[in-house]
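Here is the structure we will look at.
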Amino acid sequence: MESLTKRYPWVKRKKAYWVWLNTVARAIAGLCRLKVEGRENIPDEGKVFLVSNHRSYLDPPLIAYAVKKRPVFFMAKAELFKTPILSSLIKHWGNAFPVKRGKADLTALKTALEVLNKGEIVCIFPEGQRAPAGKFLKAKWGAGLVALKAKAPIVPCLIEGSEKLIGKEKFFDGIPQVTIRFGKPFTIDLEDRKENYQKAADLLMEKIKELNSGNNSG
């Protein structure tokens, strides 16, 4: 397999990311009246596997701005890379790499592991798609695979309120008040075996749901 930077030359630290973060992402965060809790739970260095629920297409820039202190790399559905302007934006500004939905995309999962092994933060939405307001979907096993193979600290993230802008059910439902809550890092004590991937994915979602009570673990 080609090296990571040959396959996706934009998957590396660039000035463009920080420009995007402090302009576009900052503007979106301001529009959404973003409130961040538990940012101190994100390690300052080393690989970090960030897992979050998913409510809106705006979740990636909101999460990136909530983290703020380090670049965050995201999986994005492959369809978004077919539109030239949008593709350029999410590649060069949003630190994203494609994932084919509806089937196990092993190339995307391997890319996530490669980025993690470079000491970066990778964010995955275990549900694999946007969920309706107040709902959680069953996690896909691919997130569990990454969790067990990466052996990285896992930071759960809960995002609330973003569904009012480009959500699953409505494109616009008033100006949102978005809260992003980061929990304490954890690891999963399961062997790296295929039969454990769904179990690990389910554990990821449980950790995310625990933040839904409003009790910040940080």
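Contact annotation: residue pairs with Cβ atoms under 6 Å, 6 or more positions apart or on different chains, pairing a residue in the stretch 56-76 that is under 22 Å from K110 (Cα atoms) and in contact (Cβ under 8 Å) with a residue 12 or more places away in the chain with a partner that is surrounded by fewer than 24 Cβ atoms within 10 Å (Cβ to Cβ) and among the basic types (K, R), are P71/R13.
Collect the residues in the stretch 113-136 that are hydrophobic (A, V, I, L, M, F, W, C) and touching a residue at least 40 places away in the same chain (Cβ under 8 Å), keeping them in residue-number order. Steps first, answer last, please.
The initial filter retains those residues of the stretch 113-136 that are hydrophobic (A, V, I, L, M, F, W, C), namely 113, 115-116, 121-125, 131, 133, 136.
Hits for the stretch 113-136 are V115, L116, I121, V122, C123, I124, F125, A131, A133, F136.
Among the residues of the stretch 112-131, those that are more than 9 Å from H54 (Cα to Cα) and either of a type outside the set (V, I, T) or part of a strand (DSSP E or B) (or both) comprise A112, L113, E114, L116, N117, K118, G119, E120, I121, V122, C123, I124. Taken over the stretch 137-151, the criterion of being assigned to a helix (DSSP H, G or I) and in contact with a strand residue (DSSP E or B) (Cβ under 9 Å, 6 or more places away or on another chain) is satisfied by G142, A143, V146, A147, A150. Out of A112, A96, A78, one residue alone is at pLDDT below 80, among the hydrophobic types (A, V, I, L, M, F, W, C) and either farther than 17 Å from K149 by Cα or surrounded by 14 or more Cβ atoms within 10 Å (Cβ to Cβ) (or both). It is A78.
Considering the conditions (1) among the β-branched types (V, I, T); (2) modelled with pLDDT of 80 or more; (3) buried (at least 17 other Cβ atoms within 10 Å of the Cβ), I90 is excluded by exactly one of them, (2).
Taken together, the residues in the stretch 153-196 that are assigned to a helix (DSSP H, G or I), modelled with pLDDT of 90 or more and more than 18 Å from the chain's Cα centre (by Cα) amount to 3. Within the stretch 93-118, restricting attention to residues that are of a type in the set (G, A, S) and touching a strand residue (DSSP E or B) at 6+ places or on another chain (Cβ under 9 Å), the residue that is farthest from L203 (Cα to Cα) is G94.
The values are calculated or read from the model by the stated rules, or taken from the named source; none is laboratory data. Computed from a prediction, not measured in an experiment: that's the story for all the values here. Counting neighbours? That spans all protein chains shown, and the Cβs are built from the backbone with ideal geometry, glycine included.
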